[in-house]
Structure formats: C-alpha cells, structure tokens
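Presented below is the structure to which this report refers.
The values are calculated or read from the model by the stated rules, or taken from the named source; none is laboratory data. Computed from a predicted structure; not experimentally measured. Glycine also receives a Cβ, built like all others from the backbone with ideal geometry; neighbour counts cover every protein chain displayed. Areas reflect the complete protein model, heavy atoms only, side chains present, ligands, DNA and RNA absent. Shrake-Rupley method; radii C 1.70, N 1.55, O 1.52, S 1.80 Å.
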Amino acid sequence: MTTADPAPTNAVTGITGRERVRAFDLAAGLAVFFMILVHVLWHWGTPETWTTPIGEAISYAAGPTATPVFMFLIGASLGAARGSSASTLVARGAWLFALGYLLNLLRGVIPYTLGTATGVITPEQVAPYTPWWLGTTIDLHHVVGLSLIVIAVLRTRVQPGWLWLALAGVLVLIAPWLRAVSFGSPLLDAPLTPFLGSAPNVYYAVVPWLAYPLAGAVFGAMMARSTDRTALFRWAGLVGIALLAIGCALIAVQRPTFDVYTYWRQPASFAVAIMGIVLVWLALCDLATRRRSLDRWFGFFYSWSDRVIAIYFTHWIIVGWGVGIVGFRALALGPVLLAMAAAVIATSYLSRFAVKLETSWWRRRAPERGPSEVAVEVPAA
C-alpha cells in the first residue's frame, strides 16, 4: 500500500519521495521499537530476565528484524531514488558518523563519569565499560554514515544490480578474514576500526554489515521499475524462504554460537539466514499493511518511520542516563517490562526535540527543496 501524499524527507538518507511505501514505514518503525525494548532489557534488567521466555522473545525480535531490516531499508530508499546527489549523500553520511561519537559522549562517557564520581554506580558494576570503551564504540550511527558514503561513491560508477549483490556476497564471505587484519600500528588500525574492527566495542562494522544496504538498494531499484509491487514483495518473500533454508543448513554445518557477539560479527551462515528473514519480514509487513483491519493499528509505527534516527539517538540517552535512576541491570522482569513501556513513551515524545540535531545543517538552512530531495518513482499499487 502506498499513499499519494508527498512523503517527508527520509530520516536517514535525506531523500524525499513522491509516495510512501507503508511496508517500509512499518518495518522501520518496528525496528527501532524492538531496539528500545532490548536495550532497556539488557541495561536495566537483571541477567536473569534475559533468559525468560519474554526476554528471549525480545532479544530475538531485536536481532534479524531490527538492525538488518534498518540497514536494508536504507539501501532500498537509495536504490529507488532518482538522481540523488552523491556529494549530498557523502556529506549526510559524514554527519551521521560524527553524531555517532556525540552519542557515545552523551549516552556513555558523561553518565559514566558523573555516576562513578557521585557513587551512583561503581566501575566494578558496569565492567567492562570504561570511558574509553564507551567513547570509542562503533555503533549504528557509524555504520549507517559510512554505508551512505560507500553507496554514494559506488553508485557514481555502477547502478544497483547483480554486481551489487555479488559485492554483498563477497563481503559476507571474506568478512571473517578481513576483520582479523591488524597492522600493529595505531595510525593504520584506528582509522580502519569502523570498517574492519573486531574489538568488543565494535558492534556494527562496515564489513560485513554493508551487505544489507547493498542488497536493499537492488530491491529498491527493482521496486522503482516494478508495475506490480505486490508481486515483487511476494517473490521477495519466496526468495527469503530459500535463503533462510540455505542459512539454516550452513548453521548446521558451521555450528556458530547463538549470542550477541556472533550476531555482531555475522558469520556467513547468520548473514544468509538473516537476509532471508529480512525479505520474509518485509513481505509480511506488506501483507499486513494491505489488511485494513490491521493497518489502522500501525499508525504509531508509521509516525516513527519519519524520525527513526532521532528516535534511536534519543532512546540511547534515556537508557544511559536511566541507569542512574533504576540501577545497572537491577530490575526484575515485571519492573523492567514497565520500564520498557516508560522508555518507549519518553522516547516517542523527546525524540521530537532531537530531529533538528539529526537533520544536517544544510537541510535546516534550505528554505524548500534541497539537493537531497529527489523524486522516488515507486508506482502505486
């Protein structure tokens, strides 16, 4: 389902489209919703809450259907865009990359410093986190920003297509080797950390996470040309089922551990299976938005899709500073579920104030249509 109303600027890429893809809006809103739940669970809930049925469900929901979907949709938006400026996307990516370090300061370094100085928390309680660990963390802002830059440059050479899918596959295959590369010199290793880093505080490195927006860009380009978007989503779902089956077979062979560190590192078996889940999930989101009885319940998530980056930024500040109120991993299951609801409400309200921060300065200065506002040719269903 699409709407004929003009779409606001994409919260990540800065691109404005002519029509909204409600399946994308729903998937993006749910992605950041799941992120809020799991981050509250892992930072405010006791470790015992993580292994409860509810805790496990939240953790798995915040895996394949959160960051991978988010990254895939970034690519889909870029792939469907016509004539977007490479220089604008590069500048946008650099802005988001810089904001990632600002977020590290606001959500981690400052709360940690004040908390330990006042005795609210102790270094032992929050180990292994230290100011250096928190300040140099590589997280979603960083990989999103760098992905925009890489894709902007790549698209000046070749448009999204089979070559992009091949590149995504190569990244997944060589990622274990590339992320083990070290030159033994801080001058060389430090700049490469966001791309290849394997340190414990490098959550989302470009290799292999760039594979998701690369594949998403191909899907977006196909959508821009498609005259039957419903059929495209259905075929994507079938391809997703096949990829999921292949991924499960690879998991049976590789036998990777099922923990968050393996998820961040994305072995080939995980990447293939999760790509399949992403496609199936988007097909289900498209199906849900076509059912009026269900679609009317999704307005909350649709509204979030307009400011997903601001929501992500805000929720982490709430989680980081909230440790001083509720304690670090101190809440039992009941209280942490209530805390999740409170965090969602607070994030939804306070993120409106973060939108200007998350909107790059050249977009705020532009009176009307700017260079990053391009037409997205997505045919109506």
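Some notes on this structure:
- Of all residues in region 98-111 being buried (at least 19 other Cβ atoms within 10 Å of the Cβ) and in contact (Cβ under 8 Å) with a residue 40 or more places away in the chain, the one that is farthest from residue 47 (Cα to Cα): 99
- With respect to the conditions (1) closer than 26 Å to residue 143 by Cα; (2) touching a residue at least 40 places away in the same chain (Cβ under 8 Å); (3) open to solvent by less than 20 Å² (accessible area, probe 1.4 Å), residue 289 falls short on a single one, namely (1).
- One residue alone among 237, 299, 247, 276 is at pLDDT below 95 and of a type in the set (Gly, Ala, Ser), and that residue is 299.
- Subset of region 182-208 (residues that are in a loop (DSSP other than H, G, I, E, B) and open to solvent by less than 50 Å² (accessible area, probe 1.4 Å)): 185, 197, 199, 201, 203, 204, 205
- The set of residues in region 18-63 that are touching a strand residue (DSSP E or B) at 6+ places or on another chain (Cβ under 8 Å) and either open to solvent by less than 20 Å² (accessible area, probe 1.4 Å) or more than 16 Å from residue 279 (Cα to Cα) (or both) comprises 18, 19, 20, 21, 44, 45, 46, 49, 55.
- Of all the criteria given as (1) surrounded by fewer than 20 Cβ atoms within 10 Å (Cβ to Cβ); (2) without any contact (Cβ under 8 Å) to a residue 40 or more places away in the chain; (3) not small (Gly, Ala, Ser), the one not satisfied by residue 264 is (2).
- Unique residue being within 19 Å of residue 281 (Cβ to Cβ), outside any loop (DSSP other than H, G, I, E, B) and open to solvent by 40 Å² or more (accessible area, probe 1.4 Å) when the list is 244, 250: 244
- Screening region 146-171 for residues that are touching a residue at least 40 places away in the same chain (Cβ under 8 Å) and in a loop (DSSP other than H, G, I, E, B) and picking the one that is surrounded by the fewest Cβ atoms within 10 Å (Cβ to Cβ) gives 156.
Results for (1) within 29 Å of residue 270 (Cβ to Cβ); (2) small (Gly, Ala, Ser), shown as yes or no for each residue.
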residue: 98; (1), (2): no, yes
residue: 145; (1), (2): yes, yes
residue: 151; (1), (2): yes, no
residue: 160; (1), (2): yes, no
residue: 175; (1), (2): yes, yes
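- Single match in 313, 328 (criterion: farther than 22 Å from residue 67 by Cβ and at pLDDT 85 or above): 328
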